[in-house]
Every structure is written in structure tokens, then in C-alpha cells.
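This report refers to the structure that appears directly beneath it.
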Amino acid sequence: MALAAVLGLLLPAASVAQFGKNKIQYRDFDWKIYHSPHFDVHYYEEEADLLQKVVSFAESAYDNLSQEFDYQIKQPTPLIFYETHSAFEQNNIIMNFIPEGIGAFASPVRNRMVLPVDLPDPQLLELILHELTHIFQYNILCGGGGTGRCAAAAPPQWFMEGMASYMAKDESARDRMYLRDAVVNDRIPAITSNQVSGFFAYRFGHAVFDFIEEKYGKESIRDFMIEMRNTIGARVGRAVERTFRMDPEDFDGEFRRWLRKRYLPELLETGEPADFGRPFRTGRGVRSAEVSPAASPSGDLVAAFSTAKGDLDVVLFDARERELLRNLTKGWSADYQYFVVQDLAVARRGGNDLVFSPDGNTLAFFARQDRGRKLVLIDVLKGKITRSVEMDVEQQVGLSWSPDGASIAFGGHREGRFDIFEVDVASGAISSVTEDGVYDQSPAYSPDGKSLVFSSVVGGYAKLFRVDRDAPAERFQLTRGESNETDAIYSPDGERIFFTSDRSGADNIYSLELAS
């Protein structure tokens, strides 16, 4: 119970709610230990070639955080890493079911870090920094860790996760969208509130520490943490008074003014969502979330994942009337355990979670079943699964159906790399499009089917590249600069590419004329 209480501080609320499901072990891990200056690194033979990189990142993160906190951890930190997230989900550090929404965790029991490493290098370093921040917190706030001491300290979730996000600098433009929305709608809670939880706790807490750094300097963050440790039960209000010499209410006022100056001008510059289109509705008075929309080839229908029926389903909308037509996946199915939906997982990598066949009669998506993901094809007219395709690729994501209907391209992990693959729809055979050390994702076919455009992480940023299917070894870079470009699609005439970019500081839609 103590561990569950502490995990409540570390994991999103939606993820904690899933605890209690069965966790099945699909593979055995032959663990080995490597001792670095500050870590006892646990790894298995299949991922031995990743050891040097993980140790280098971990030691770099330790040097960074030990300087920030002016603190040295006395004992080596156990770091258990897995090659992929699907392997990480089978860990026995926590015996309960772990959904894909949990990217990693740090446990105060023995101060252990547990994480998958199937990420681009910049994101992997951020993940290690985030979890290692928790280890420093356990040592500083909880006197060396232990579930009893940490539960007694009772630091709020926004403090724990916000500080970890701030130290890792792991906030994306997409993450900031949630905070910006809260500012615009005046939904910023008081710093002493105990109701800040789930994903918003990360965003709210990160903003608090950004504010403290800008107004009071970095050293004030360390002082704030010490005062949190010195107050019984981690009373935030008392720690604010001691650190900043001001009432919590005055701190809230200063913080809100800082947020408004930062985000309200963006609203005036970009406009309201209604300035660009009409919302799709699921029924009068129905509160639901719709994500990963996909337009049919005819343009008459839009498919999406929706919670309108009380569960997560694939539904169809009338594109013209913006109204819900039907639910294609009613209730529980033995064909899969859950859908792979990026917006409901730990982070969005890019590409489509749903895709129509060229004739508009079939929808394809990935779903989790047993030890990995499989491709599921569903009849749009009948709402019935017609086929499931097992794969020897892990962490598949981002779908595109070829114009001739013969192939589906996607990103996935195999042999220690994230590449672009194609699956033959008729036979289920899988072939590689890219085979290199670059992190590739979110492919899209050209209208003539001769080329693919996709995102590759180079220099720390996701950039767009094109390859010809008959010569995939040669790639052509389409975007450059210090920004992230994802979700590319071709215009119907093949002369333009439309894509998402954060080059303005927020995710917006851009187009690129290929000829010029």
C-alpha cells in the first residue's frame, strides 16, 4: 500500500487506475550487472550493444543533477533498462499491469530506476534525467528513500513531476498546449491545491519551476526543495513563505500574471479554433474525447478514436454534418487487449493511428495483443474485424496505405533500430524500407505510390525526408532547422506536402512546394 501511495505521485492518474490487471511474462531475461561510478546497471544480453550509450547518458545526467542540487548520492543507483517498451511492460519490479501510458518509473524501494530505451537519443537522455531527478528527490526529501519516509513526506504530485520535467527539459510544444489552454480558460490552480494530478500535474509543476527560475534564480529551486523537506508533511504554503518571504496567495498572483503575459498574446495572434473550422459532435450534452482522426478517400467520412460510448472505440463521423454516425468496435473483443493510440500514450511520435484503404471500405490500426502489437483490419460497412496480422516488429506506430492498396507502411523497432517497414496486405510479409541507425517514423505514400515521405530524428530534431521505393537507400532531406516536423501527407496532385511543425513555438500546419 505504501508503494502504491508513492506511485500515485509518480504516475498519471489514468495509468494508476489500470493497476490490478494481470501481467503475463512472455520472455525470460538473463540479467547481467555493469558497475559504473554512480550506477549499478542491469541489462540482458540482447541489449548489450546499448550498454555504453545508456551508461554514458546516465553518468552525464548524474553530473548535471548533482551540480543543480549540490548533492551527492552516497550509494550507486540501480538502473534497470529494457530494449523496448513492450519488454519494459513485463518487468517484475512492479507486479501490477503497466500500460503504455507509463514511459518509465523510479521507485523509492531501493531507489531504483526502470525504463525502456527505444527512443531517439535526445528523448532518452531526457527520460533518464527525469527519472534520476526522482532518485535525487527520494534522497533529499525522504532521507535516502523508502516508501514509509516518502509517504510521510507527502510531496504533491505537481512538485515531484514538475521538478523532474523541469530538470529534464522534456516539455514539448504539444505539452505546452495543455498549459496554454488552462491559462486561456483561467483554470490555473493555487500552488497549495491538492487537486492537481495526472498529466496536468507535470505541466503545471514544470511551469511553477520555470517561473521560480526566471523570477528568483536557479538557486531558489534548491532552497524551495530544502524547505519542503524541513516542513512536516511537505506543506507547500509554509515552504513558499520560508523560501520566497511571501504569502502563498501573493505567489499565486505573481505566477498567474507571469503565465498570462507568456501565453495570452499567442491566443490573440493565432485565433480561436472556431476561426478555422466547426467541431465534430458526439451528441447533445455528451462529454467525450476524439483523437487520431482520419478522412476517408471520398471525404464523406472521418474515423477517429472516441470515448463517446463510455469506452475507447473506433467511430465514424459524417464529415459534412460533423455528427457521429456509428460505432465500429462495440464492447470488448478477444482479438486485442487495447488500441495503440499515441495521444493516450506517454508521448506522440507522429503519423496516423487510423488509416483508410484506398477504396474506403477498410480501416487499419495497431492494437496490443499478448506480448506485442498487431495490425487489425476492420470492415467499415459491417463494423467487423476481417483480419489481424502478427508481426516480428515491435512498437509499431504511424500507418499509411499505398494508393494501389497492396501495402501498408509504418514505423517500428527491430534489431535495435527504429525503421520504416512495409507489410504486404495480402500475404502479411514484412519488408524493410530503411535500415540504418537513424530514428525513422510516420511514413506517407505519394499519390503515385513511387515515394515515401517520413520523419527522421537528426541533430536532435525530427526532419522530413523522402525516399523512392525502388531506391530506398538514398534519402532526400526536405526540411531543415531547429524545429520538429511530423505527420506529413501529400496533396492529391503530389505537388505539395502538408505537415506539422513547432517552428513557431506551437504545433501548426505548414505546406511545402516540392518543385521549389
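Structure values in brief
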item: Some residue of the stretch 432-451 being open to solvent by 50 Å² or more (accessible area, probe 1.4 Å) and aliphatic (A, V, I, L, M); result: no
item: Every residue from the stretch 477-511 that is surrounded by fewer than 16 Cβ atoms within 10 Å (Cβ to Cβ) and of a type in the set (Phe, Trp, Tyr); result: Phe498, Tyr510
item: All positions within the stretch 476-490 that are in contact (Cβ under 8 Å) with a residue 24 or more places away in the chain and more than 16 Å from Phe418 (Cα to Cα); result: Leu478, Thr479, Asn484, Glu485, Asp487, Ala488, Ile489, Tyr490
item: Failed criterion for Arg245 (all others in (1) closer than 22 Å to Pro155 by Cβ; (2) of a type outside the set (Asp, Glu); (3) in contact with a helix residue (DSSP H, G or I) (Cβ under 8 Å, 6 or more places away or on another chain) hold); result: (3)
item: Candidate set from the stretch 30-66 (those that are out of contact with any Ser or Thr (no Cβ under 9 Å at 6 or more places or on another chain) and among the hydrophobic types (A, V, I, L, M, F, W, C)); member that is nearest to Pro78 (Cα to Cα); result: Val41
item: Scan of the stretch 220-243 for residues that are open to solvent by less than 20 Å² (accessible area, probe 1.4 Å), part of a loop (DSSP other than H, G, I, E, B) and not polar (S, T, N, Q), ordered by number; result: Ala234
item: Neighbours by Cβ (under 9 Å, 6+ apart or cross-chain): first from the stretch 275-286, surrounded by 11 or more Cβ atoms within 10 Å (Cβ to Cβ); second among the polar types (S, T, N, Q); result: Thr282/Ser288; Thr282/Ser306; Thr282/Thr307
item: Qualifying position, being within 30 Å of Ala87 (Cβ to Cβ), surrounded by 14 or more Cβ atoms within 10 Å (Cβ to Cβ), in contact (Cβ under 8 Å) with a residue 60 or more places away in the chain and small (Gly, Ala, Ser), among Gly460, Gly411; result: Gly411
item: Cross-chain or 6+ apart pairs with Cβ under 9 Å, the stretch 100-113 first and within 20 Å of Glu394 (Cβ to Cβ) and open to solvent by less than 10 Å² (accessible area, probe 1.4 Å), then part of a loop (DSSP other than H, G, I, E, B) and acidic (Asp, Glu); result: Ile102/Glu89
item: Test: residue in the stretch 249-259 that is in a helix (DSSP H, G or I) and either at pLDDT below 95 or in contact with a Leu (Cβ under 7 Å, 6 or more places away or on another chain) (or both); result: no
item: Yes/no for Ala506 being out of contact with any Phe, Trp or Tyr (no Cβ under 9 Å at 6 or more places or on another chain), among the aliphatic types (A, V, I, L, M), within 27 Å of Pro273 (Cβ to Cβ) and at pLDDT below 95; result: yes
item: Output for the stretch 163-184, where each listed residue is part of a helix (DSSP H, G or I) and among the small types (Gly, Ala, Ser); result: Ala164, Ser165, Ala168, Ala173, Ala182
item: Answer from Ser516, Ser455, Ser511 - the residue that is farther than 17 Å from Arg348 by Cβ, among the hydroxyl-bearing types (Ser, Thr, Tyr) and assigned to a strand (DSSP E or B); result: Ser511
item: In the stretch 312-322, the residues that are surrounded by 13 or more Cβ atoms within 10 Å (Cβ to Cβ), within 15 Å of Ser296 (Cβ to Cβ) and of a type outside the set (A, V, I, L, M); result: Phe317, Asp318, Arg322
item: Any hit, the stretch 244-258, residues being touching a residue at least 60 places away in the same chain (Cβ under 8 Å), out of contact with any strand residue (DSSP E or B) (no Cβ under 8 Å at 6 or more places or on another chain) and either of a type in the set (A, V, I, L, M) or open to solvent by 30 Å² or more (accessible area, probe 1.4 Å) (or both); result: yes
item: Lone unmet requirement of (1) assigned to a helix (DSSP H, G or I); (2) surrounded by fewer than 19 Cβ atoms within 10 Å (Cβ to Cβ); (3) modelled with pLDDT of 90 or more for Glu266; result: (3)
item: Yes/no for Arg349 being at pLDDT 80 or above, open to solvent by 10 Å² or more (accessible area, probe 1.4 Å) and under 20 Å from the mean Cα position of the chain (by Cα); result: yes
item: Pick from the stretch 434-488, criterion under 16 Å from Ser501 (Cα atoms) and of a type in the set (Phe, Trp, Tyr), ranking: modelled with the lowest pLDDT; result: Tyr461
item: All strands (runs of 3 or more DSSP E) inside the stretch 401-440 with 1 or more residues being small (Gly, Ala, Ser); result: 407-414, 430-432
item: Residues within the stretch 29-48 that are in a helix (DSSP H, G or I) and surrounded by 11 or more Cβ atoms within 10 Å (Cβ to Cβ), tallied; result: 3
item: Among the residues listed as Phe57, Phe88, the single one being open to solvent by 10 Å² or more (accessible area, probe 1.4 Å) and aromatic (Phe, Trp, Tyr); result: Phe57
item: Verdict on Gln369 being open to solvent by less than 10 Å² (accessible area, probe 1.4 Å), touching a residue at least 12 places away in the same chain (Cβ under 8 Å) and within 25 Å of Leu119 (Cα to Cα); result: no
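The values are calculated or read from the model by the stated rules, or taken from the named source; none is laboratory data. Keep in mind the model is a prediction, meaning the values are calculated, not measured. Quick reminder, even Gly has a Cβ in these numbers, built from the backbone with ideal geometry, and neighbours come from all protein chains shown. Quick note on the areas: whole protein, heavy atoms, side chains included, nothing else; ligands and nucleic acids left out. Shrake-Rupley method; radii C 1.70, N 1.55, O 1.52, S 1.80 Å.
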